Structure formats: C-alpha cells, structure tokens
Amino acid sequence: MEARWQAAFFDYATSSFSEVLRRSAPHLLPPPSTWTGQDPQGPPPVPHGTTVLAVRYRDGVVMAGDRQASEGYQVAHRRIEKIFKADDLSAVGIAGAAGPAMEMARLFQTELEHYEKVEGENLSLEGKANRLGQMIRVNLPMAMQGLVVVPVFAGFDEKAGVGRLFKYDVTGGRYEETDYFAQGSGGKDARDSLKKRFKRDLGKDEAVRVTVEALLDAADEDLGTGGPDLMRGIFPTVKTITRSGISDLPDDDVRRHCEAILNDRGRL
Amino acid sequence: MPLPYYVSPEQMMKDKAEYARKGISRGKAIVTIEYRDGILLVAENPSTLLHKISEIYDRIAFAGVGKYNEFENLRVAGVRHADVKGYSYSRGDVSAKALANAYSQGLGNIFTQDIKPFEVEVLVVEVGDPNGSKNEIYHILYDGTIEDEKNFAAMGGQADEIRRYLKENFQEGLDLAGALQLGVRALMVTQNKTLTERDLEVAVLDRNKERRRFRRIPSEVLHQLLEPGT
C-alpha cells in the first residue's frame, strides 16, 4: 500500500498541463476513443492545412508555411497561420485537419509554459518533441476517422547549440530529420525542391530563399497549397528560430524573396 | 472512553492564529512597490534556487512567506488555476482578483477545518496595461483574510515596521532603481546588516513587455541598480 507521503514523488505528471486538464476539466480534451470502424460516409468536410516545412541553417532553423486552408476543392481560408510559436525556442507547423491541429498547437503551447512555470526551467528540446508525439498519439482515434494531424516541430537545442527538426506520423511516431522536411499535401513537391536546393550551413538569407522557393514549387504543383498572393498582399509565413529566440520575417522581406524568385524564373 | 477536553471556539481560533503568526514572523520579509513601468517585488532570500517570487500568468505574479512547502503548494495551485482558465477562455480573462479569491477561500478553509493552519502569507499582484489601467495588489493572510493594497505592501517578519517605513518614504513615479533602493532600505529597517544583491531575490512585472510580463532581475543587474546614484 502506497503511503500518503509518497504521493509527492509520483506527482511529477502534474507538471503536465494536459494531466491537470484530464483531472480537473476533461471536457476540454479530445474525446476518448470511441472508434468502432471506418465511417462509411468518410470523414466530414473540414478545412485542411496544407504545406509546412522546416529547414536547418547555420544559426538554427527556418520554418515556413503557406496561408491557405482547403476544404476538398474549395479554398476554406486564405490567411490562416500554420506556424505557431510553441515557446521562445521552438515552433510547430501544423498540417492536416486545421481545427484539431490548431487546438493541439494551443494545448502544446500551454503545456510548455505550464511546465516551465511549475518546474522553474524549460523542457529540453527532446522532451518537447516527445511530448508532442504523445499528444498526436492521443489524437489517433480521430485520425482514424479522417481528422489526421501531423505537425512538423523544430527548435533550437540549447544544450547541443544547434537547430533541430522533427516529423511525425499519425501514430505519434517521432523521427528526427537532419537537414529539412516538408509536410502536408504539397509536402512532396516542397521536399523535391529542397532536395536540389538545400546545402549545409546556409546563411539566413539563402536559407529563407530556399524555403520560399520550395513553397512556391509546392504551390505550383499542388492544388491545396496557396502561392504568394500579390493582389491581396498575402505571403507565406516565415519564422527563424535561433539561440536568441523566434522571430517573424516581415512580409516585405518575404515579398522581396518571392518577387526575386519569380523574376529569375521570368514570370513577373 | 474518556471525553475529549472542551476547548471554546474562541480559544481554538486564537491558538491557531498565534501559531500561524509565530511561524510567519520567523521568516524573512518581502516587499512589493509600484513603480513607473509596473510592479517590483523584492524578497530577502539568499537561495538562488528556491524561489519566493514567481510568475503565475501574463500579468500576474505570486510571492509567499512562511513555510516553503506550504506556499509552494499554493503557487503551483495558482499556476494551474490560471493556465486552465486561460486555456478554456482566453489569456485576457485570467485575473488576479479571481486568483486572490481562490487563495482566500483555500486558506480560510484550511484555517477553520484543519488542526494545523498554513503558516504563510501570500501576495498576488497584477500589472496594468500601458494604456493606464491600474495595478492590483492583493495580500492574503494565513486565515484567508484578504486585503487590497495600493502603492506598496509588505509581509513576513516585522512587516509592520517595514510598512511604516514604506508609508513615510514612498513616492509615486519612481524608476526601477529608485523603487529597488527604497525596497532594500525598507527590508533593512529591522536589521543591522547591509543587504547586497547576494541576499536578494528580485522580479518585476513590466507593463511595457509583450504577453508574459514577469521578469527576474539577475544579480549582475541588481548590483548595478543598487549602486548609489543610479
């Protein structure tokens, strides 16, 4: 029989915000598994995020995503944000069913901040990546019904002094990539582009250019991925994560890169 | 079976209060002072690892005196309260007032129902926005008594004398160095030794910061701020 004083030793799970929610507000978590088989009508029509990617460079990682959410062959949203700051040194790029994915990103942000406040220090990058994997695994029943969430996670590893990036599968499996990765409906096209253009230890400007170029290629080939919209002034989200934190690349810089690439390809 | 001794409720409460006050007055003091850019919290605390002042949420900080394990429990409960509330509604809906009320309820229940009361006092402070909304300072005692304070507050050992000193010397619109020096002088009123950056734990809620406004002041910076003339 476990003595009462021992409880404090097994209470480490309460540095976890999801654990707090599970105990005190379970209605805020995804519903428990009730999956009994494939729904014959297929998944309900919901907006899907499309292409997000992460590229490693000299000072850390660049993360980027297009701004379109698609629902079947329709544009559901033109200005959606897919790269979420998780904490000062990491970010999540969401791909898949937009609703559950954004909720997962929000829960993940709170999870990291909660841990930091309760424990008084940050989780390691490895710890953050594992935690996100566990959250994806919890979503598996919903994924089996068609609401798949497969983020890309990247951040700066303070201990190792380098940027690192992780991809996930639908079961929460976590795989580290060394150079770059792209996820979502245009992910393969973006990866094909990066395969040719990526080099080790790129500077910031070149890394951003390679990243934006990969997104343009994905938008070229994939229906679901939105290209830069010069008319409406909508450009991809680009964030850099380095030792000194996360910063957004201003729209004007992204526009400059987009125009330069299109110019080089003789289409502007 | 022998009958339990009868103790009148008045006597029981008096004994508990005396017990709690004794425990608290043994501890070192904490002061909080409003300054130009927000709220400053200064604790006499030689440990750099065991904190008495901590972040609760974007605009809210916590400070506790007394028994460490007891106020640490309260602190973690506060972080949970704030994070659950912010997650289920929005970050702007998390308020110091609700949190201070929760602490007041909790401490009040413990005081009346448990054999041993908590030997703690806590401060919950919330910084206003740059557009001029007011700061809030709540002081909650071991028995659940809650007070809202203006300009400054003090708690812990010999808090009365510290409060008196602050009342005489507080001015509005101090800068960070001025407020810090005032706070440290107030903490020194009751003792002969000089406090240096090594004896202090200092944090601010800076209204000009984005989102999370809590910031600890590292000892190198403290050293500079404590130099006379800054």
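Screening A:Gln145 against (1) open to solvent by 20 Å² or more (accessible area, probe 1.4 Å); (2) closer than 22 Å to A:Gly245 by Cβ; (3) in contact (Cβ under 8 Å) with a residue 24 or more places away in the chain; (4) more than 17 Å from the chain's Cα centre (by Cα) leaves a single unmet condition, (2). B:Arg75 meets the conditions (1) away from every other protein chain (no Cβ under 12 Å); (2) of a type in the set (Lys, Arg); (3) surrounded by 19 or more Cβ atoms within 10 Å (Cβ to Cβ) in every case but one. The failed one is (1). Do we have B:Asp129 as under 19 Å from B:Arg207 (Cβ atoms) and surrounded by fewer than 20 Cβ atoms within 10 Å (Cβ to Cβ) here? Judged against the criteria, B:Asp129 is a match.
To keep it simple, each residue is scored yes or no on (1) part of a helix (DSSP H, G or I); (2) modelled with pLDDT of 95 or more; (3) open to solvent by 20 Å² or more (accessible area, probe 1.4 Å).
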| residue | (1), (2), (3) |
| --- | --- |
| B:Leu3 | no, no, yes |
| B:Val7 | no, no, yes |
| B:Met12 | yes, no, yes |
| B:Gly64 | no, yes, no |
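Assess whether B:Asp129 counts as being among the acidic types (Asp, Glu) and either at pLDDT 95 or above or under 30 Å from B:Ala20 (Cβ atoms) (or both). So B:Asp129 fails the test.
Exactly one residue among A:Gly187, A:Gly127 is in contact (Cβ under 8 Å) with a residue 60 or more places away in the chain and more than 14 Å from chain B (Cβ to nearest Cβ), and that residue is A:Gly187. Taking B:Val84 as the residue in question, decide whether it is under 20 Å from B:Gly106 (Cβ atoms), free of Cβ contacts under 8 Å to residues at least 12 places away in the same chain and within 13 Å of chain A (Cβ to nearest Cβ). Considered against the rule, which asks whether it is under 20 Å from B:Gly106 (Cβ atoms), free of Cβ contacts under 8 Å to residues at least 12 places away in the same chain and within 13 Å of chain A (Cβ to nearest Cβ), B:Val84 comes out as yes.
From A:Gly186, A:Gly163, which residue is modelled with pLDDT under 95 and open to solvent by less than 40 Å² (accessible area, probe 1.4 Å)?
Just a single option satisfies the conditions, and that option is A:Gly186.
What number of residues in region B:87-126 are surrounded by fewer than 19 Cβ atoms within 10 Å (Cβ to Cβ), within 14 Å of chain A (Cβ to nearest Cβ), under 22 Å from B:Lys209 (Cβ atoms) and in contact (Cβ under 8 Å) with a residue 24 or more places away in the chain? Number of matching residues: 1. Considering B:Thr190, B:Thr194, the condition of being over 25 Å from B:Glu126 (Cα atoms) and in contact (Cβ under 8 Å) with a residue 40 or more places away in the chain is satisfied by B:Thr190 alone. Scan region B:4-49 for residues that are in contact with a helix residue (DSSP H, G or I) (Cβ under 7 Å, 6 or more places away or on another chain) and among the aliphatic types (A, V, I, L, M) and the total you get is 5.
Considering B:Leu49, B:Leu41, the condition of being over 27 Å from A:Met104 (Cα atoms), at pLDDT 95 or above and either open to solvent by 10 Å² or more (accessible area, probe 1.4 Å) or not aromatic (Phe, Trp, Tyr) (or both) is satisfied by B:Leu41 alone.
The values are calculated or read from the model by the stated rules, or taken from the named source; none is laboratory data. Every value quoted in this text rests on a predicted model; they were computed, and no experiment measured them. Quick reminder, even Gly has a Cβ in these numbers, built from the backbone with ideal geometry, and neighbours come from all protein chains shown. Side chains are part of the model used for accessible areas, which takes the heavy atoms of the whole protein and leaves out ligands, DNA and RNA. Shrake-Rupley method; radii C 1.70, N 1.55, O 1.52, S 1.80 Å.
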